[in-house]
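Colleague: Following this message is one structure expressed as structure tokens.
The values are calculated or read from the model by the stated rules, or taken from the named source; none is laboratory data. No experiment lies behind these values; they were computed from the predicted model shown. Note that we place each Cβ from the backbone using ideal geometry, even for glycine, and neighbour counts take in every protein chain shown. To get the accessible areas, we keep the full protein, side chains included, count just its heavy atoms, and leave off ligands, DNA and RNA. Shrake-Rupley method; radii C 1.70, N 1.55, O 1.52, S 1.80 Å.
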Amino acid sequence: MLFKIKLFIYISLFPFFSFAQKTIDIEKINIIASRTTLYSSSNIEIIDSLIKSQNKTAGIEELLSLVSPVFVKSYGGAGGLASITLRGCSSNHTSVNWNGFTVNSLTTGDVDLSLFQSSFFENINIISGASASLFGSGTFGGVIELNNKNNNKTTNFSTNILYEKGSFGSHKYFLDMNTSSKLIQYKLSFHRFSADNNFMYIDRYKADAPVEYRKHNSYKNLGIMQNLFIKLPSDNNIDIGFWCFTKNKKLPEIAGSYGISNKEQEDKSLKLFIRLNKKYDKSRISIGSAFFNDKLHYTDKINPEDIKFYIDSEINCKKIINDFSFRYLLSDKLNAELGGIINYLQAEVNSYDEIKDEINYAIFAAGRFQLKNFTSKISFRTEFSEFIQPQYLFSIGLMLKTSQKVNYKINISNKFRRPTFNERYWKPGGDKNILSETGITGEIGLDIKLIDKKQNLLKYDFSIYANKINNMIQWIPVEGVWSAVNNKTVISRGVENRIKYKFSFMNVKYQIITSYYFTLSTLEKVFNISENTTGKQLTYVPKHISKTNLNISYKKINSALSWAFTGKRFTTGDNAPEFELPAFNVFNFYSLYNFNYKKYNISTGIKITNIFNKSYEIMKSYPVPGRAFYFNIGFSVK
């Protein structure tokens, strides 16, 4: 392992030594658009800034549930595990990136969205079906980008303090500070959450479906993020990010249980990155490095008064990520980018026989050719790892603009997902020789802007897609032991529709965003003959999802009403109707009043979630809170 670390450090530092060489100073132009913007032809949905500003106290999972194609699998109540389903794929089929660095778990491959606070990020983008040639492993569903952005203001200072109190013992505290000069910008964000989560629910798994209070369900969450943007001479700039958080969550028994839980989980994370960008007249160089350290501690007792734990499990994962890219503007119609990535990964888990580590790396190339009404995008990537065969990836996208209002697009790409550390090393049940998941995705889309004026916008987005996953990994019993095996071939296909309408009438501003997503995600082959699930919908993948958000602004008052419909979900592989979870509708209301005096602002707001007190479950046996009220007050200085 020592040799691998030394080799990794040498390769990691080499690009920085190379960059220090003298360069030719010629006239500069701006070619700093993101790789996603330039080379991705997938459907990109940007979280609307108005909706984001109205939901400053919301976590990422709540925000995505309101307005995006993401189906969030929430395990009941604030602070509970919240994972991702996008385009009918599993939670480890969506990559979550922070400023270009993947934050997915080494052990499970997914992300717990309840750990992330939405107000920490200036931009939140959902790239459905994102190509693996641009983003790497685990993008069958897509990519979620969480980005911090320099506001490019010459001089600026602002401070924002916000407090929210709500039902079920909920308290939230926020602090944001931003200061900048001609050469530097610094941003600090802080939050502290706590809640008892002792809400009432109907336990339909018990006789006579009694009304009970949720027990042993409290949580505490603390997070800090700092960002530093530095402008250097000769068009150099450095971006630095620091992010740490901790969450302590008591884990309740599932509904239907007569016992009292003693389970608890503590999550801790430290994330750091630095990125150096250099602009030339027709080119750009970018070098980035990141260090992530994620820890999880899970405990359980037989009796609450016991001193010793019945289960005491710890996970400690570390990542060192380095990337390098060079972009060149060949002409005003053609540009290209070359780059490489190298990762050092390490996991210390009780259920592994020793500390596991590995190095994987990738090289990629991308190009974009653009005429007046036609754009083509192409990218290639090769992924290398110590334990799997090289993966050769491609993506081809075409866009045709037939008028100022209509834009057609089509893309095709192949995908793969590298097995997680658990799937390889868990004892018993892991398989070091397990195969990577592979597949292919195709998509056809249409964007229409019927109205595009300063105060009025009417836009319609449509996509139809198909996605095939081979060698899908599943944990199944093999000779009495739950084991990771390449057990499935899955095909997901669907239709996505989204309409955005903005207009003003009699000094009142209106915005309506409505969407409908149809997903058919079925098992086409199951290699374990004991399963009779061929042709069935995947568990916890709703076929129908619809979301609507209405925002109304008048002078100092801003209000919103949201509605989300989620179709029925099957909880068993054979789609047995007696075990399905029924469809549900949820309505939420928000209202905010702003009072401004010179450079000061005072805001007060109210939020009502689950207005009609609907009793439902997103995941089986994990009830969701009924109607809840939240009040907030904020103070800011600019």
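Colleague: Among what's in segment 172-212 and is farther than 22 Å from Leu581 by Cβ and among the hydroxyl-bearing types (Ser, Thr, Tyr), pick the residue that is most open to solvent (accessible area, probe 1.4 Å).
Modeller: Tyr173
Colleague: Filter segment 128-144 down to residues that are touching a Phe, Trp or Tyr at 6+ places or on another chain (Cβ under 8 Å) and aliphatic (A, V, I, L, M) and give me whichever is nearest to Ala366 (Cα to Cα).
Modeller: Once the filter is applied, the top-ranked residue is Leu134.
Colleague: Only one residue in Lys556, Lys459, Lys547 is in contact with a Ser or Thr (Cβ under 8 Å, 6 or more places away or on another chain), at negative phi and among the basic types (Lys, Arg), so which one is that?
Modeller: On inspection, the qualifying residue turns out to be Lys547.
Colleague: Among the residues of segment 472-490, count how many are within 28 Å of Ile410 (Cα to Cα) and either more than 24 Å from the chain's Cα centre (by Cα) or not in a strand (DSSP E or B) (or both).
Modeller: Selection size over segment 472-490: 2.
Colleague: Same structure, new question: Working only within segment 582-618, note down all residues that are over 21 Å from Ala82 (Cβ atoms) and among the aromatic types (Phe, Trp, Tyr).
Modeller: Phe589, Tyr593, Phe595, Tyr597, Tyr600, Phe612
Colleague: Consider only pairs whose beta carbons are under 6 Å apart and that are at least six residues apart or on different chains; among these, list those whose first residue lies in segment 452-480 and is in contact (Cβ under 8 Å) with a residue 24 or more places away in the chain and whose second residue is open to solvent by less than 60 Å² (accessible area, probe 1.4 Å) and hydroxyl-bearing (Ser, Thr, Tyr).
Modeller: Listed by first residue and then by second, the contacts come to Gln455/Ser504; Asn467/Thr441; Asn467/Ser492; Asn470/Thr438; Asn470/Thr489.
Colleague: Here's another thing I want to ask about it. Scan segment 315-338 and report the pairs whose first residue is in contact (Cβ under 8 Å) with a residue 40 or more places away in the chain and closer than 25 Å to Gly109 by Cβ and whose second residue is among the aliphatic types (A, V, I, L, M) and open to solvent by 30 Å² or more (accessible area, probe 1.4 Å), with Cβ atoms within less than 6 Å and a gap of 6+ or a chain change.
Modeller: So the pair list comes out as Ile315/Leu296; Asp323/Ile341.
Colleague: Same structure again: Being crowded, with 21+ Cβ neighbours inside 10 Å, among the small types (Gly, Ala, Ser) and more than 14 Å from the chain's Cα centre (by Cα) narrows it down to one of Ser95, Ser114, Ser133, so name that one.
Modeller: When all the criteria are applied, what remains is Ser133.
Colleague: Filtering segment 244-271 down to residues that are in contact with a Ser or Thr (Cβ under 9 Å, 6 or more places away or on another chain) and open to solvent by 60 Å² or more (accessible area, probe 1.4 Å), which residue is farthest from Phe193 (Cα to Cα)?
Modeller: Ile254
Colleague: Restricting to segment 332-345, and then to whatever is in contact with a helix residue (DSSP H, G or I) (Cβ under 8 Å, 6 or more places away or on another chain) and of a type in the set (A, V, I, L, M, F, W, C), can you tell me which residue is surrounded by the fewest Cβ atoms within 10 Å (Cβ to Cβ)?
Modeller: Looking at residues that are in contact with a helix residue (DSSP H, G or I) (Cβ under 8 Å, 6 or more places away or on another chain) and of a type in the set (A, V, I, L, M, F, W, C), I get Leu345.
Colleague: In segment 181-212, which residue that is more than 24 Å from the chain's Cα centre (by Cα), touching a residue at least 40 places away in the same chain (Cβ under 8 Å) and part of a strand (DSSP E or B) is nearest to Phe120 (Cα to Cα)?
Modeller: Looking at residues that are more than 24 Å from the chain's Cα centre (by Cα), touching a residue at least 40 places away in the same chain (Cβ under 8 Å) and part of a strand (DSSP E or B), I get Tyr186.
Colleague: Something else: Quick check: is even one residue across segment 620-627 assigned to a strand (DSSP E or B), out of contact with any Cys (no Cβ under 8 Å at 6 or more places or on another chain) and more than 25 Å from Ile47 (Cα to Cα)?
Modeller: yes
Colleague: Another question, if that's okay. Looking only at strands (runs of 3 or more DSSP E) that lie completely in segment 366-447, which have at least 2 residues being more than 21 Å from Leu134 (Cβ to Cβ) and among the aliphatic types (A, V, I, L, M)?
Modeller: Hits in segment 366-447: none.
Colleague: Scan segment 48-67 and tell me whether some residue there is under 23 Å from Lys415 (Cα atoms), open to solvent by 10 Å² or more (accessible area, probe 1.4 Å) and in contact (Cβ under 8 Å) with a residue 12 or more places away in the chain.
Modeller: There is no residue in segment 48-67 that is under 23 Å from Lys415 (Cα atoms), open to solvent by 10 Å² or more (accessible area, probe 1.4 Å) and in contact (Cβ under 8 Å) with a residue 12 or more places away in the chain.
Colleague: Give just the number: which of (1) surrounded by fewer than 17 Cβ atoms within 10 Å (Cβ to Cβ); (2) out of contact with any strand residue (DSSP E or B) (no Cβ under 7 Å at 6 or more places or on another chain) does Gly573 not satisfy?
Modeller: (1)
Colleague: Give the residue that is nearest to Val72 (Cα to Cα), with candidates limited to residues of segment 525-567 that are small (Gly, Ala, Ser) and not in a strand (DSSP E or B).
Modeller: My answer is Gly567.
Colleague: Are any of the residues in segment 241-258 of a type in the set (S, T, N, Q) and at positive phi?
Modeller: There is no residue in segment 241-258 that is of a type in the set (S, T, N, Q) and at positive phi.
Colleague: I've got another one for you. What is the number of the single condition among (1) buried (at least 16 other Cβ atoms within 10 Å of the Cβ); (2) at pLDDT 90 or above; (3) not basic (Lys, Arg) that Val526 does not meet?
Modeller: The failed condition is (2).
Colleague: Pick from segment 303-328 the residues that are among the aliphatic types (A, V, I, L, M) and assigned to a strand (DSSP E or B): which of them is least open to solvent (accessible area, probe 1.4 Å)?
Modeller: Applying the filter and picking the extreme gives Ile321.
Colleague: Given the residues Lys614, Lys607, which is the only one that is assigned to a strand (DSSP E or B) and out of contact with any His (no Cβ under 7 Å at 6 or more places or on another chain)?
Modeller: Lys607
Colleague: What pairs come out if I take residues in segment 389-408 that are touching a residue at least 40 places away in the same chain (Cβ under 8 Å) and pair them with residues that are of a type in the set (Lys, Arg) and surrounded by 13 or more Cβ atoms within 10 Å (Cβ to Cβ) whose C-beta lies under 6 Å away, six or more apart or interchain?
Modeller: Leu393/Arg381; Gly397/Lys377; Met399/Lys409; Lys405/Lys449; Asn407/Lys401
Every residue, every condition in (1) hydroxyl-bearing (Ser, Thr, Tyr); (2) buried (at least 21 other Cβ atoms within 10 Å of the Cβ); (3) over 28 Å from the mean Cα position of the chain (by Cα), yes or no:
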{"position": "Leu330", "(1), (2), (3)": "no, no, yes"}
{"position": "Ala347", "(1), (2), (3)": "no, yes, no"}
{"position": "Tyr361", "(1), (2), (3)": "yes, no, no"}
{"position": "Gln370", "(1), (2), (3)": "no, no, yes"}
{"position": "Phe374", "(1), (2), (3)": "no, no, yes"}
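Colleague: From Lys598, Lys620, which residue is among the basic types (Lys, Arg) and touching a residue at least 12 places away in the same chain (Cβ under 8 Å)?
Modeller: Lys620
Colleague: Given the conditions (1) surrounded by fewer than 16 Cβ atoms within 10 Å (Cβ to Cβ); (2) more than 24 Å from the chain's Cα centre (by Cα); (3) assigned to a strand (DSSP E or B); (4) among the aromatic types (Phe, Trp, Tyr), which single one is not true for Tyr630?
Modeller: (1)
Colleague: Would you point out the residue of segment 581-604, among those that are assigned to a loop (DSSP other than H, G, I, E, B) and more than 27 Å from the chain's Cα centre (by Cα), that is modelled with the lowest pLDDT?
Modeller: Here the answer is Lys598.
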